[in-house]
Amino acid sequence: MSYLRRYKLVLAILFILCISVPAVASPLTEGNIISFSDVNVKPDEHVKSILVVGGNANIAGYVGDEVVVINGNVFLSSTANIKGHVIVLGGKISAEDGAVVREGYFQYGGGFFAISSLLTAGLIVTIIWFAQFIVTVALLIVPILTIWLRQSLIGEISQIVKDHKIKTLFLGILGIIAGLVIIAIFSLSVIGIPMALVLVFLMLVVMALGLGAICSSIGDNISSYLNVKGQKKYLGILSGSLLIALLFNIPLIGLLVLCLVVSVGFGGVLLKLFTKKVTADNS
């Protein structure tokens, strides 16, 4: 069986479901048939593959590859010989005695709306998985970058987080909410959009620094618990980032853990800035 022809059929299905607009039926050359109405294959006919959308397929002849019908039914007479699969989405399969389907069939009886909903749900799951993968990679890379760029600053923020856990948590939550509100207000006008983008960038920088500090603090605690002395800073922050990444990928509680980590880190950076400003004013 030609996998190239199978891929062509799959791509055609995805394209049709994405655009979801009426089209004119158009049989393809080389024995491949794509139709938006009923298709009849006579006993003496040989075709390579069939794709039908919104119609029925009545097959009495030979099909060298796949038969795919969307929102329609398939009828196989006793002389039908299908070398590939028979796939029906939103319809039924009927076959007389003697009909041959060499590689089996798949049938989903829901309507076209149900099929679209099923594909949409699959797309959403894929997007969520991809986003989770990107966040996991960021949790592993960003802390290393922050300790490489500003090791002393990360150490100071990490100490602040250790000394003021509750304060940094509430300060971080309030800071993130205030930042999001200001961004939303700026985004309402064309003039304010550049300011909103700048604020988004600054918040991401603060979150990155806070994440690095949290990972550094966790790494120090792990080293103390295991009684590891002289451990390099990069190994400590890597162990912290690995732990956070693992917790993030636990269903249900992963997102909560990430929100807590980001909030505490955000609050630690803000508290560091406020402390620095107060010290400068007093001096």
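Rule-based calculations on the coordinates, nothing more; no lab input. As the structure is a computational prediction, the values presented were derived from the model and not from experiment. Here Cβ is always computed from backbone atoms with ideal geometry, including for glycine, and neighbour counts include all displayed protein chains.
Full extension of the chain segment joining Arg150 with Asp38 gains 33.5 nm, where the gain is 0.36 nm per residue of separation less the Cα-Cα distance. Taking the Cα centre of each part, how many Å lie between the range 73-103 and the range 127-173? What the calculation gives is 57 Å, centre to centre. Full extension of the chain between Phe106 and Gln159 yields a length gain of 13.1 nm, computed as 0.36 nm times the residue separation minus the alpha carbon distance. With neighbour counts taken as other beta-carbon atoms within 10 Å, the residues Phe130, Phe36 rank, fewest first, as Phe130, Phe36.
Taking 7 Å steps out from each Cα toward its Cβ at Ser78 and Asn221 produces label points 7.6 nm apart. What the phi angles of the range 242-249 give under the Karplus curve with 6.51, -1.76 and 1.60, with θ = phi - 60°, is a coupling list of 5, 5, 5, 4, 5, 5, 4, 8 Hz, glycine and proline written as x.
Candidate cross-link partners of Lys165 among the aspartates and glutamates, defined by an alpha-carbon separation under 17 Å and a same-chain spacing of 8 or more, comprise Glu156, Asp220. The magnitude of the dipole of the range 128-282, with charges of +1 and -1 set on the Cβ of Lys/Arg and Asp/Glu and taken from the Cα centre, is near 280 debye. For Val53, the residues whose modelled amide H falls within less than 5 Å of its own, excluding neighbours fewer than 5 places apart on the same chain, are Ser35, Phe36, Ser37, Ile70.
Counted residue by residue at 0.36 nm each, then reduced by the alpha carbon distance between them, the extension gain from Lys167 to Leu235 reaches 21.7 nm.
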